[in-house]
Amino acid sequence: MQKPRLRDGNRMITTELYPIGQLPNKALVKIGKAIAYKIVVGQSDISGDDWGDIFADAFGAKHLASPLGLVDVLVNNMAWSTKTVKIPNPHTATNIRVISGRCSPDFSYDITDPRADIQKTGDAVLSIYNERINISRAKYEQLRSVFLIRNVPKCEFLIFEHDLCKYNTGDYEWRENSKRNFEGFNKITNKHCFTWQPHGAQLTIKHWIPASAQRFKIKKPEALDYEKTMELIGFNDSWVTILN
């Protein structure tokens with residue numbers, strides 16, 4: 001359905017690059033090509049920053065590479081949070097756990113003893129995350145997460161997206177587990193959705209992989225031979241200048 005025409009002339013105008021969860025085949029090929037290059041030059045895995053670079057390059061977008069905020073990649077008024085997770089079998093995975101960042105109730109709400117009221121602390125953690133969503137949505141009309149699920153040695157990959165939305169704090173019950181971390185469960189389904197670590201204040205969110213997830217694999221290339229590469233670029237000892 002098209003967006004309604006409004007009298008408010010200040011509404012942001014965005015040209016959607018592609019429907020959510022439907023990366024064009026051309027982009028998937030670019031992503032596979034970039035991964036193949038990483039392997040060729042001797043890289044054994046793909047880091048979070050690598051994934052941000054690779055995804056941005058596939059669309060001519062900008063990778064912010066900033067530790068602050070949710071947005072990693074942007075073009076016009078579209079923005080993405082890029083996350084990558086390593087698991088043994090990407091093509092058959094049903095869910096993943098993703099580190100979303102640090103949420104400190106102590107800093108944000110002056111909750112100095114998080115165990116005094118676990119539910120209050122859990123609600124505060126989600127409120128901090130929700131406020132990050134608010135800040136990002138004030139700047140960008142479309143805000144998505146794009147996940148790369150990877151097994152680089154097997155050259156198997158899965159990509160899926162979802163809209164970044166706020167969580168209703170009243171939907172979740174928080175409990176302390178055997179490791180003394182806090183876990184958030186959906187009150188209706190009893191599904192485990194969040195883990196928050198009091199030590200370090202790190203929030204992990206569990207995501208279920210949708211049917212629309214896009215799977216691909218690449219032919220594993222051979223890494224460049226070190227000596228042959230040095231010969232190819234014409235390296236000699238004079239390239240190295242010793243200063244002291």
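The values are calculated or read from the model by the stated rules, or taken from the named source; none is laboratory data. Quick caveat, the model's predicted, so the values are computed rather than measured. Ideal geometry is used to build each Cβ from the backbone, glycine not excepted, and the neighbour counts take in all protein chains shown.
A few remarks follow.
- Assessment of segment 54-65 against the conditions (on the phi > 0 side of the Ramachandran plot and not basic (Lys, Arg)) yields at least one matching residue.
- Flag for residue 185 being in contact with a Gly (Cβ under 7 Å, 6 or more places away or on another chain), at pLDDT 95 or above and among the aromatic types (Phe, Trp, Tyr): no
- Considering 200, 234, the condition of being loosely packed, with under 15 Cβ neighbours inside 10 Å and either free of Cβ contacts under 8 Å to residues at least 60 places away in the same chain or within 29 Å of residue 76 (Cα to Cα) (or both) is satisfied by 234 alone.
- Filter result for residue 156 (crowded, with 17+ Cβ neighbours inside 10 Å, in contact with a Ser or Thr (Cβ under 9 Å, 6 or more places away or on another chain) and not polar (S, T, N, Q)): no
- Residue in segment 65-82 that is surrounded by the most Cβ atoms within 10 Å (Cβ to Cβ), counting only those that are over 17 Å from residue 20 (Cβ atoms) and in contact with a helix residue (DSSP H, G or I) (Cβ under 8 Å, 6 or more places away or on another chain): 69
- For segment 179-196, the condition of being under 21 Å from the mean Cα position of the chain (by Cα), loosely packed, with under 15 Cβ neighbours inside 10 Å, of a type outside the set (Val, Ile, Thr) and over 16 Å from residue 100 (Cβ atoms) holds for none of the residues.
- Meeting the requirement of 3 or more residues that are at pLDDT below 95 and of a type outside the set (Asp, Glu), the strands (runs of 3 or more DSSP E) wholly within segment 57-166 are 95-102.
- Qualifying residue in segment 132-141 (condition: of a type in the set (Asp, Glu) and touching a residue at least 24 places away in the same chain (Cβ under 8 Å)): yes
- Residues (aliphatic (A, V, I, L, M) and either under 12 Å from the mean Cα position of the chain (by Cα) or surrounded by 14 or more Cβ atoms within 10 Å (Cβ to Cβ) (or both)) located in segment 83-121: 85, 87, 93, 96, 98, 99, 111, 118
- Listed by first and then second residue, the pairs with beta-carbon distance under 6 Å, at least 6 apart or on different chains, first residue in segment 203-220 and surrounded by 12 or more Cβ atoms within 10 Å (Cβ to Cβ), second in a strand (DSSP E or B) and at pLDDT below 95, are 203/100; 204/99; 205/100.
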